[in-house]
Amino acid sequence: MEPSRRARVPTARAIEKHTVRTDATSDTTALVDAQFMGRALRLAHAKLGRTAPNPAVGCVVVREGVVVGEGATGEGGRPHAEEAALAAAGAAASGATAYVSLEPCAVRTSGSDSCADLLVEAGVARVVAACSDPHPFSDGDGLARLRSAGIAVSLGVGRWEAEALNAGFFLVVREGRPLVAIDPDPTRYDAQLRLDPNACLLVELRKLAVEGVTRVCAPPDTFLAAALRAAGLVDVEPTE
Ligand SMILES: [Zn+2]
């Protein structure tokens, strides 16, 4: 994770909408949850910049303290992390806990089984999700689907890191534009911006969002970086 590079994008709507639930019954459970969620978040982070138009998500399936399957969102957004992790776990997913860095989807554009459905079918006993997903295909419905199937659900473990990871995707959903960072290293972004600083930058960013771009960067010390700042469109500044 790179907690030092904090997105200042407010992602509070999801927090307000869903009550934080902590099913941890002991400090030990909380520590174990934090450990495996950390692993899921690292899997997601490794895919940043390569999963657009979908967010980079990580999933770790744990049974009796042992990782039996894990995965992350594939290049271009498919497969979803849960699909990959459940495929790796196979029958071992039955009775297991699935750690996911974002609420599982409840609907798929392809019409295939959603990740919430896949988790139910796999027979997992518990799902720990770092944060909820404001996308209309989730938006609480993914967690509701799990709960209605009798799966124990915990929400909020690793929330801060997950919201920073998903900030670009959330901005596209809520504001119709990608996250903008001032960063000389384009590695973790969908694209490096090459816009005319005199253009209407918000319009140009919205066009990119329509194309499925969720995270972009502009090099520091450029006219474009200055123009983005002046327009109030910079979400992540470089850390000193
Ligand atoms: Zn999914």
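The values are calculated or read from the model by the stated rules, or taken from the named source; none is laboratory data. A quick note: this is a predicted structure, and the numbers were derived from the prediction, not measured. Quick reminder, even Gly has a Cβ in these numbers, built from the backbone with ideal geometry, and neighbours come from all protein chains shown.
Brief remarks follow.
Residues checked against (1) in a helix (DSSP H, G or I); (2) within 12 Å of the ligand (Cβ to nearest atom); (3) buried (at least 24 other Cβ atoms within 10 Å of the Cβ); (4) in the same structural domain as ASP33 (by TED's automatic domain parsing):
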position: ALA84; (1), (2), (3), (4): yes, yes, no, yes
position: ALA106; (1), (2), (3), (4): no, yes, no, yes
position: GLY111; (1), (2), (3), (4): no, no, no, yes
position: ALA116; (1), (2), (3), (4): yes, yes, yes, yes
position: PRO136; (1), (2), (3), (4): no, no, no, yes
position: ASP139; (1), (2), (3), (4): no, no, no, yes
position: GLY142; (1), (2), (3), (4): yes, yes, yes, yes
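- Leading residue by the ranking (surrounded by the fewest Cβ atoms within 10 Å (Cβ to Cβ)) among those in the stretch 144-175 that are assigned to a helix (DSSP H, G or I) and over 13 Å from the mean Cα position of the chain (by Cα): SER148
Residues are listed down the side, and each one gets a yes or a no for (1) modelled with pLDDT of 95 or more; (2) touching a strand residue (DSSP E or B) at 6+ places or on another chain (Cβ under 9 Å):
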| residue | (1), (2) |
| --- | --- |
| ARG5 | no, yes |
| GLU16 | no, no |
| ARG21 | no, yes |
| SER26 | no, no |
| ALA30 | no, no |
| PHE36 | yes, yes |
| HIS45 | yes, yes |
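- Here GLY76 fits the description: within 15 Å of the ligand (Cβ to nearest atom) and either buried (at least 18 other Cβ atoms within 10 Å of the Cβ) or in a helix (DSSP H, G or I) (or both).
- Candidate set from the stretch 56-82 (those that are over 15 Å from the mean Cα position of the chain (by Cα) and among the acidic types (Asp, Glu)); member that is farthest from ASN166 (Cα to Cα): GLU64
- Residue within the stretch 44-64 that is in a helix (DSSP H, G or I) and away from the ligand (no atom under 14 Å from the Cβ) present: yes
- Boolean, VAL127 is free of Cβ contacts under 8 Å to residues at least 40 places away in the same chain and of a type outside the set (Asp, Glu): yes
- ALA162 farther than 30 Å from THR239 by Cβ and within 16 Å of the ligand (Cβ to nearest atom): no
- Per the listing VAL124, VAL120, the residue uniquely in a loop (DSSP other than H, G, I, E, B) and under 21 Å from ALA92 (Cα atoms) is VAL124.
- Matching residues in the stretch 86-104 - criterion: being part of a helix (DSSP H, G or I), away from the ligand (no atom under 11 Å from the Cβ) and touching a helix residue (DSSP H, G or I) at 6+ places or on another chain (Cβ under 6 Å): ALA93
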